[in-house]
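S.K.: Got a structure for you, questions after.
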Amino acid sequence: MNEYAPDAWQVIQISTPNETIYKLFSTWYGGYLTGDAWKLNSGIVSMKKVGKVYEVTGHSGSIYRVPDHEHCYSTSAYTNSVLANLIEKSEYEIKVLPYDTDWEHL
């Protein structure tokens, strides 16, 4: 099991003719020598609030600890372009859910 702590995050909803799935799109901000990075999880199994973070468990068993703060529900300019490209090129409907979604009851 892998554990991750991204700097920023968003939840996307993917609607296919047969199902609706939710995935976590995570952003890590780069620094002087490295660029920003992103990761799309395997699909959300559960989200639960633990203190000031949400623990997001994926189908692969990985756990993401994302800050429960509206300012962290975002992307960087680079990762936003990656996400926009994923949405544009997908054969399915993909949308970013709003921050005020009831995460524990997806």
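S.K.: Whenever you get a sec, line up Tyr78, Tyr64, Tyr99 from highest to lowest accessible area (probe 1.4 Å, protein heavy atoms). Write out the running numbers ahead of the final one.
M.R.: Details: Tyr78 110, Tyr64 5, Tyr99 60 Å².
From most accessible down to least: Tyr78, Tyr99, Tyr64.
S.K.: What's the extension gain from Tyr99 to Val45 if we count 0.36 nm per residue and subtract their Cα-Cα distance?
M.R.: Full-extension gain reported as 17.6 nm.
S.K.: Still on this structure, I have one more. Solvent-accessible area per residue for the chain at a 1.4 Å probe radius, Å²?
M.R.: Dividing the accessible area of the chain by its residue count gives 61 Å².
S.K.: Put Asp100, Asp68 in order of accessible area, largest first, 1.4 Å probe: what do you get?
M.R.: Sorted by accessible area, descending: Asp100, Asp68.
S.K.: Carbon-plus-sulfur fraction of the accessible area of region 3-106, 1.4 Å probe, in percent? Don't skip to the answer; put the middle values down first.
M.R.: Details: 3080 of 6170 Å².
Answer for region 3-106 is 50 percent, counting heavy atoms of protein chains only.
S.K.: So, one more: Would you calculate, for the chain, the mean residue ellipticity at 222 nm contributed by helices, counting each DSSP H stretch of 4 or more residues as -39,500 (n - 2.57) and dividing by all residues, to the nearest 500?
M.R.: -4000 deg cm²/dmol
S.K.: Taking a threshold of 23 Å on the Cα-Cα distance, which of the pairs Lys49/Lys89; Lys23/Lys52; Lys52/Lys89; Lys23/Lys89 fall above it?
M.R.: As for pairs spanning more than 23 Å Cα to Cα, those are Lys49/Lys89; Lys52/Lys89.
S.K.: Quick one: give the max-minus-min coordinate of the C-alpha atoms of the chain along each principal axis, largest first, in Å.
M.R.: Principal extents (largest minus smallest coordinate, Cα): 44, 34, 28 Å.
S.K.: Given H placed 1.01 Å from N in the peptide plane, which residues other than close sequence neighbours of Asp68 have an amide H under 5 Å from its amide H?
M.R.: For Asp68, the qualifying residues are Val53, Tyr54.
S.K.: DSSP beta bridges in the chain, what fraction antiparallel, as a percent rounded to 5?
M.R.: The answer is about 95 percent antiparallel.
S.K.: Once amide H atoms are built 1.01 Å from N in the peptide plane, which residues 5 or more positions from Gly43, or in another chain, come under 5 Å H to H?
M.R.: Sorted by chain and number, the residues that satisfy this are Leu24, His59.
S.K.: Another question about this same structure. Quick one: among Ser76, Ser46, Ser15, which has the greatest mean-square fluctuation in a GNM of the chain with alpha-carbon springs under 10 angstrom?
M.R.: Ser15
The values are calculated or read from the model by the stated rules, or taken from the named source; none is laboratory data. All values derive from a computational prediction rather than experimental measurement. Heads up: the accessible areas ignore ligands, DNA and RNA and are worked out on the full protein's heavy atoms, side chains in. Shrake-Rupley method; radii C 1.70, N 1.55, O 1.52, S 1.80 Å.
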